[in-house]
1. Contact list please: Cβ distance under 7 Å, first residue in segment B:32-60 and facing chain A (nearest Cβ under 7 Å), second residue crowded, with 21+ Cβ neighbours inside 10 Å and aromatic (Phe, Trp, Tyr), pairs at least six apart or on different chains.
2. Of all residues in segment B:61-74, how many are more than 9 Å from chain A (Cβ to nearest Cβ) and part of a loop (DSSP other than H, G, I, E, B)?
3. Does segment A:266-281 contain at least one residue that is in a helix (DSSP H, G or I), without any contact (Cβ under 8 Å) to a residue 12 or more places away in the chain, open to solvent by 10 Å² or more (accessible area, probe 1.4 Å) and more than 14 Å from every other protein chain (Cβ to nearest Cβ)?
4. B:Gln18 is checked against (1) free of Cβ contacts under 8 Å to residues at least 40 places away in the same chain; (2) under 15 Å from B:Glu5 (Cβ atoms) and fails just one. What number does that condition carry?
5. Is there a residue being over 17 Å from A:Met125 (Cβ atoms), over 38 Å from the mean Cα position of the chain (by Cα) and exposed (fewer than 15 other Cβ atoms within 10 Å of the Cβ) anywhere in segment A:198-208?
6. Filter segment A:415-448 for residues that are polar (S, T, N, Q) and away from chain B (no Cβ under 14 Å); which is surrounded by the most Cβ atoms within 10 Å (Cβ to Cβ)?
7. Got a sec? Which of A:Gly116, A:Gly169, A:Gly133 is exposed (fewer than 14 other Cβ atoms within 10 Å of the Cβ) and under 20 Å from A:Ala63 (Cα atoms)?
8. What are the residues in segment A:339-359 that are outside any helix (DSSP H, G or I) and open to solvent by 10 Å² or more (accessible area, probe 1.4 Å), if any?
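The values are calculated or read from the model by the stated rules, or taken from the named source; none is laboratory data. These numbers come from a predicted model, not from an experiment. Quick reminder, even Gly has a Cβ in these numbers, built from the backbone with ideal geometry, and neighbours come from all protein chains shown. We work out accessible area using only protein heavy atoms, side chains counted, and drop any ligands, DNA or RNA first. Shrake-Rupley method; radii C 1.70, N 1.55, O 1.52, S 1.80 Å.
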Amino acid sequence: MSEAALRIALVGNPNCGKTALFNRLTGSRQKVANYAGVTVERKEGRFAAPSGRHIQVLDLPGAYSLAATSPDEAVTRDVCLGRFEGEARPDLLVCVVDATNLRLHLRFVLELQRLGLPMLLTLNMCDAAERRGIRIDVAKLQEGLGIPVVQTVAVRRNGAEALVKQLDGQMPPLPAPLPEGADLHAEVSRLLSSAVSVPERTARIDDAIDRVVLHPVFGLAILTVLMFTIFQAVFSWAGPIMDSIDVGAAWLGGALGEAMPEGLLKSLVVDGIVAGLGGVIIFLPQILILFLFILLLEESGYLPRAAFLLDRMMVGAGLTGRSFIPLLSSFACAIPGVMAARTIQDPRDRLATILVAPLMTCSARLPVYALLIAAFIPEQSVGIFNLQGLVLFGLYAAGILSALIVAYVMKWLRRDHSEHSLLLELPSYRLPNPADIAIGLWERASIFLKRVGTLILALSILLWFLSTFPAPPAGATGAAIDYSLAGMIGKWMQPFFAPIGFNWQICIALIPGLAAREVAVSALGTVYALSATVEDPGTTLMPIIASQWSLATALSLLAWYVYAPQCLATLATIRREGGGWRVMAIATGYLFALAYLASFITYQVTLALTS
Amino acid sequence: MTLSELPRNTPAVVVGVQDVSAGDPIAVRLRELGFVAGEPVRVTAQGPAGREPLLVQIGYTRFALRRAEAARVSVKLAEAQA
């Protein structure tokens, strides 16, 4: 009989290298989910110690104190206290501290000692401390704290050996807490003066980099170049990979089409599943490249610097410098963006960030943009720029500008002159660790592929079904889809969307687009594929729409997608994160109104100019 | 004087953090982060617009504070080292 697994929780300040340690301990054996009821990410993993003992590791969100000021910190507090419903209290706390930042981190350790849980201390990033000449007398620190102290270098192979050995041995005794009301800071100072010698308070390299990176002029220039490079990379690097996925999907569809007998099943597999899923998986490279950059910037410590540079400007628009990270993630997908907003402590700033996050052009909108731009915008140069590229840039800029305006209007409506806090730590610069980046990317890829395999697969099948049944009556002359349920729904919706120039095919595509925006393109593909009649056999989507839609309709659809209110997953995340149906209703309402208004203006103006 | 008035790169020592309201959560958090009497403190950079936020070195850590936050922290100039 095997004994029950030892449940440990990693707990520590933000930027103590906790997640790197978690990765080092558990490798790829991790499960990422959410805590019940809140969208704080819950990371759990397991490993076996050399003795064969199973150890289950929970990576708690970083916190400065048990007096929580954000949902993240509240989760850490509640799990440590054993108050979090559905989450067993850990058997042992592993406090992780950055060996170069003990003045701050040890205070939290002393606070945690009051919890009455067995605990041990991990001095992480010992290599960095050594390089800076920081000397720590582990025996003295251990004596002073009354808990076992081990040293780790989470980014080094075998860097967590001492910790594993400690976990494999005797359970440490309960720590003796300091009396209530004791001055924790004074106690930290006492510990530091007896056990630690620090030649310099800061790393010279950090000071030198910050002098350039936070410089009022150079700093902003570097940030601009960096952002520009990221977007260039997302579009140009991903191109070849996306092309090959496209070719692969077309080949698979063709091969399956030839191998399968004519009939409904073939239509389902080729038109429904392969065309539908292929149209979505194609965006995986772009999502991964964007997240690669975000992870690199995050790991290196640059992102808080960007927040520092932009804070004043974002405050002017009713946001905060901290909004930068959630909004940048929203360019990949609004869902992780909205979730990243939980690191904003101020509830009003968090709400404003959540509400405007969907205005950042997520990668799921790219297929729509790419399709319409290729079909309608001539490929010509304007000065040194390419017109198609300029239009794409304009669509992104329209989203950002709208977000600033919306945030500003919300600030004005609230008539809120009370204080919002920033209090942002700028951690030391670090070289990103490739293994941690790889694990982060793998997480993103698996979340996306899971979505493709479940939700999007189901929708593709559903849409095929709606577009195929009921079958046309005998002797029908039009395309089969005209007689189907989808055709009926599309024609029923069409009058409402006529003022903005949408035809019934677009109306149909908007429905599955509710579940995932990117499906709108594959839905158009399916709809037009099934619309093909004998006289007009459908080829690929682009030439069809280029010949059948007016320029006004195409531009109107582009404008619609800048606001694109139809993403149920984002709206559901907003409801959970923003705290209720009301916030979700506001988000849905304002996005829909803006989308309709922008499309209406675009359509009518273009119509007037082109007729 | 307050931390928000402290010129850049001037060594100073924290005197205390004032609550602007009862149980001011920002003041509580500032104290937790190490803004306590006797700690050496220094402003090392300022944001590009409106000289805000301030980059403050406290303990071994750097924090970005807005002026209103920094105004809660009273400081005195560090005595010149011999």
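1. Short answer, once both residue conditions are applied: B:Glu32/A:Tyr64; B:Leu33/A:Tyr64; B:Leu33/B:Phe63; B:Gly47/A:Phe308; B:Pro53/A:Phe308; B:Leu55/A:Phe308.
2. Let us first name the residues in segment B:61-74 that are more than 9 Å from chain A (Cβ to nearest Cβ), namely B:67, B:70-74.
If we keep only those that are part of a loop (DSSP other than H, G, I, E, B) as well, we get B:71-72.
Of the residues in segment B:61-74, 2 are more than 9 Å from chain A (Cβ to nearest Cβ) and part of a loop (DSSP other than H, G, I, E, B).
3. In the first step, residues of segment A:266-281 are kept if they are in a helix (DSSP H, G or I); the result is A:266-281.
Remaining after also requiring without any contact (Cβ under 8 Å) to a residue 12 or more places away in the chain: A:266.
So of that shortlist, the ones also open to solvent by 10 Å² or more (accessible area, probe 1.4 Å) come out as A:266.
Applying the additional criterion that residues be more than 14 Å from every other protein chain (Cβ to nearest Cβ) yields A:266.
Scanning segment A:266-281 turns up at least one residue that is in a helix (DSSP H, G or I), without any contact (Cβ under 8 Å) to a residue 12 or more places away in the chain, open to solvent by 10 Å² or more (accessible area, probe 1.4 Å) and more than 14 Å from every other protein chain (Cβ to nearest Cβ).
4. Result: B:Gln18 passes all but (1).
5. Step one: list which residues in segment A:198-208 are over 17 Å from A:Met125 (Cβ atoms), which gives A:207-208.
Add one more test, that the residue is over 38 Å from the mean Cα position of the chain (by Cα), and what stays is none.
No, because not a single residue in segment A:198-208 is over 17 Å from A:Met125 (Cβ atoms), over 38 Å from the mean Cα position of the chain (by Cα) and exposed (fewer than 15 other Cβ atoms within 10 Å of the Cβ).
6. Within segment A:415-448, the first condition is being polar (S, T, N, Q), and the residues that meet it are A:418, A:421, A:428, A:433, A:446.
Subsequent filtering for residues that are away from chain B (no Cβ under 14 Å) retains A:433, A:446.
Details: A:Asn433: 17, A:Ser446: 11.
Among those residues, the one meeting the criterion is A:Asn433.
7. Being exposed (fewer than 14 other Cβ atoms within 10 Å of the Cβ) and under 20 Å from A:Ala63 (Cα atoms) holds for just one of A:Gly116, A:Gly169, A:Gly133, which is A:Gly116.
8. As a first pass, look at segment A:339-359 and keep what is outside any helix (DSSP H, G or I): A:344-346.
Matches in segment A:339-359: A:Gln345, A:Asp346.
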